[in-house]
Amino acid sequence: MATKAARLLSKLDGLFAVYKPPGVHWKLVRDQVETNLLTAVNAFPPPAPQYQVQFQLLSSGETSTSSDLTLTATKLPVLADHPLVTGPQYHKIRVGVGHRLDAFSSGVLVLGLGKGNNALDSLYRSHVTRDYTLEGEFGMATNDFTHTGRVIEKSTYGHVTQEKLERVLAMVQGANQKALITYSRVDLHSQEAYELAVKGMLRPQDKSPPIITGLRCLSFKPPYFKLEVQCVNETQWYLRKMLHELGLELRTTAVCTKVRRTRDGPFNMEDALLHNRWTADDIIPAVKYFRRTTRKIRKNDSYKQAVTQLDSTTEAQDQSRTNSCHLEAQEKDGSNNISAEMSADSKQWS
Amino acid sequence: MYVCRRCVCVLRSPALLWGKAQPSVTPGLAGRAAGAPDLYFMSTTSYSHSSASPAHQIFCQSFREWWTSCGVRFFSEQQPVSQTGTRSLPQTSEGNITAAAEELDRHLEASGGAVSVPVGQRIIDLDALPYQSPFEEISEEDAIQIIVPPNLPPASFTLRDYVDKSETLRNLVQLGVDLSKLEERRNVGSMLVRLDFQADVAPRLFFLKDLGVEDSHLGPLFTKNPFILTESLENMQARVSYLKSKKFSSESVAAMVIKAPYLLNFSVKRLDNRLAFFQERIGLSAHKTRDVVTRLPRLLCGSLEPIKENLKVFELEFGFRMTEIQHIVTRVPKVLTASKKKLTHVFDFIHNTMGVPHSLIVKFPQVLNSNCLRMKERHLFLEFLGRAHYDPAHPNYISLERLVTVPDDIFCTEVALASFEDFERFQKTL
């Protein structure tokens, strides 16, 4: 017989996305979500206390002398089951974090609840791409590549034009594409490689350094500019460093003013929960919404399949490539289709 | 929390046992617990017939005598089985065990302990039961007087094992004290188990009631500060009289004790030092100091070093004058105990990003106490809408107080004049 609290807990199993505000450590986000869920689960009345027969010296009402004390058997609730003595029923809910965001950045952060934490591993292994919006400012260089750091250098940026910027972006993208082909372990002269490249489905199969699969300039109003980046295996520090190097390539200096993750694999920004909605009432529908996605992530985890079914490694790899292609097709539905521009000739789009 | 063995022994002593008001047996138990702990754990069946011997004998008698009086025979002391006894024994073999046992008991009491008998005449009757069988039927009066020792573990990590048996713990739970929180603290559990309700807890309850603390506040008070129960009453009385001598009314003293439960644990010298600091360093008048301290009594409890640092930050880093600081402290005393880092973040944002001058901050000091993230989001939204004017001289200015205190939906509709969905969409672009 499940209590109401247990029934609520059973609904808290799966993955969902949260919008992390800037300036907040990811651990605080995770702790806040866990605290809110625990208050919701502990809000239910505690289970009924056990009863114990106790012999007490009570005044017997039947006899005439009221001062007569006799031992009477009474059934009383055991005090050890009192909520003030036992404390809250639940002390912990397993909340896991997907690909982390550092304190300076904001954006989509995937959290896993209960059994959904296993899907976090699968999500990591599936090497999904992530969309970022980077905002930068020319003319300054700091020690931690952000506008809040200690200024090291200042320079002029009058000579920078949009065309120069886009040329540098194209160069960066070309270099990254070469890395992508290397790490995706396809034979460059095969038909399969060509088809994947045309569709934009090349992905690194194992651990790789950060690779930028898509890069374009959204706005350019000197000294401020905005970039949209699509990348794999990245860290936010790497992206800020890339922005700094972009400035150096343009013979000026640049700092990053904002890093915002708009998509993490199949989790979009539109469905991410803002900090005023981190309660059980809003998290349960979010988990339900992402249930299908979570199931697909688990199904596509080729490593797990290989481990459980003991298939041959090549078969698993082929399966994973086709499956990850299907997964990427899902991702592309909502977001901007930058990877379509990821053709061999990068000068075609502008 | 680890409740030590000694404390449990004290708990097991009858003065603290719940529901077993049987004075005739108590000295015996106490004697046993203090003197012979090994005996305590060995005894199982012998309790049932302790009723036969008066309790005061137990206390004085030695180990062997006590067991003998219970009817346990030792093979080293052989009782003479008289003619009456031998004649009764064949009868017992037929089945009347009770009669034989009673016969033996009478024998033992009559003989009064070890009686020397010549070696040749010692007969050991192995069939006779030297003690009462547990299945034997006894009278109601005997049944009532059976003492069942409480099955308490000698040491435990939780108070759940002792709360049913301890009068103190039971009454604390009824008052509303959260024992689950207290048992997490080191040594507090042992201390509570050792307390005697009538001697320790009750006088302090009366003291707090006389002070003016209501019953509903007693539970949370003891949960936060269980050490009131071990603080001496004279000291607490002296502190209360000191506060009253400083012209704190009795209601304000009660309110201060409720808000800062550790207040009465601090010495008069310390309280005096604190009050002097607030008057001299900040320059508040006596009346204003009383008001500030009544509203935030934990100023008197914590260390003065963070307060001194915060004051330095206000003077040097923020650039407030002393009069302005006095006004801010009188309005929002919490800024004195706020974290230095958070305070600097908030002030930096308000002064440099929002462009609010010092004079306006002094007029609305609660902005220094508000949540920085919330304020940032709201200010950036207003800036995006072009409504971020805080100077009262501006026609459509927004008061700082409304910016930080008003809840989200009212902020969107009345202050920002936009929909809540727009605000949420904007928050996702930050």
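Once the Cβ-Cβ distance between A:S155 and A:E195 is put in as r, and R0 is 35 Å, what FRET efficiency do you end up with, to the nearest 0.05? Don't jump to the answer; show the numbers that get you there.
On the way: r = 45 Å, r/R0 = 1.29.
Using R0 = 35 Å, I get an efficiency of 0.20.
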Simple SL model, points at 7 angstrom along Cα→Cβ for A:Q162 and B:K247; separation in nm is 7.3
Average projection area in nm² (convex hull over Cα atoms of chain A, one quarter of hull surface): 26.0
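So which trypsin sites (Lys or Arg not before Pro) in the range A:159-203 are both in a DSSP loop and have at most 16 other Cβ atoms within 10 Å of their Cβ? It would help to have the intermediate numbers written out before the result.
Details: sites: A:K164, A:R167, A:K178, A:R185, A:K199; in loops: A:R185.
Answer by residue number: A:R185.
Taking a quarter of the surface of the Cα convex hull of the range B:178-257, what do you get in nm²?
Numbers: hull surface 21.4 nm².
The directionally averaged projection comes out at 5.4 nm².
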Can you send over the solvent-accessible area of B:K342, 1.4 Å probe, protein chains only, in Å² to the nearest 10? 150
Just give the residues from the range A:84-113 buried by at least 30 square angstrom of accessible area in the all-chains context relative to the isolated chain, probe 1.4 Å, and say none if nothing qualifies. A:L84, A:V85
Of A:K164/A:K221; B:K259/B:K341; A:K92/A:K304, those spanning more than 22 Å from alpha-carbon to alpha-carbon: B:K259/B:K341; A:K92/A:K304
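Nearest 100 Å², what total accessible surface is buried between chain A and chain B (probe 1.4 Å)?
Counting protein atoms only, the buried area is about 2200 Å².
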Residues of the range B:147-192 that bury at least 30 Å² of accessible area, probe 1.4 Å, when all protein chains are present rather than the chain alone, are B:R160, B:V163, B:D164, B:V173, B:S180
Across peptide A:76-82, what mean number of C-beta atoms from other chains lies inside 10 Å of a residue's C-beta? 5
Across peptide A:267-280, what mean number of C-beta atoms from other chains lies inside 10 Å of a residue's C-beta? 2
³J(HN,Hα) computed for each position of the range A:170-182 - Karplus, 6.51 cos²θ - 1.76 cosθ + 1.60, integer Hz, glycine/proline x: 5, 5, 4, 5, x, 4, 5, 5, 4, 4, 4, 5, 4
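Heavy-atom accessible area per residue, the range A:129-264, 1.4 Å probe: how many Å²? Before the final figure, lay out the partial values.
Values: 6320 Å² over 136 residues.
Dividing the accessible area of the range A:129-264 by its residue count gives 46 Å².
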Please list, in chain and number order, the residues 5+ apart from A:L215 or on another chain whose amide H is under 5 Å from its amide H, with Hs placed from the backbone. A:Q230
Taking a temperature of 37 °C and a viscosity of 0.692 mPa s, what whole-number D in µm²/s does Stokes-Einstein yield for the range A:129-264 with Rh from Kirkwood over alpha carbon pairs? 210
Cα-based convex hull volume of the range A:115-169 per residue, rounded to whole Å³: 145
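So for the range A:1-106, Kirkwood radius off the Cα pairs, Stokes-Einstein at 10 °C and 1.306 mPa s: how many µm² s⁻¹? Can you show the working numbers first?
Details: Rh = 18.4 Å.
Answer, rounded: 86 µm²/s.
If packing is taken as the mean number of other Cβ atoms within 10 Å per residue, what is the order of B:385-395, B:345-355, highest first? Numbers along the way, then the final one.
Values: B:385-395: 12.1, B:345-355: 16.7.
Most protected by this proxy first, the peptides run B:345-355, B:385-395.
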When the accessible area of chain A is computed with all protein chains present and a 1.4 Å probe, what percentage of it is carbon and sulfur? 53
Relative to the longest principal axis of the C-alpha atoms of chain A, give the angle of the C-alpha long axis of helix A:280-289, reported between 0 and 90° and rounded to the nearest 10°. 50
I want to check the label-to-label distance for B:N273 and B:V406. Put each point 7 Å from Cα in the C-beta direction and report it in nm to one decimal. 4.7
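The values are calculated or read from the model by the stated rules, or taken from the named source; none is laboratory data. Here the structure is a predicted model, which means the values were calculated and not measured. As a convention, Cβ positions derive from the backbone with ideal geometry for all residues, glycine included, and neighbour counts pool all protein chains shown. Surface areas here come from the heavy atoms of the whole protein model, side chains and all, with no ligands, DNA or RNA. Shrake-Rupley method; radii C 1.70, N 1.55, O 1.52, S 1.80 Å.
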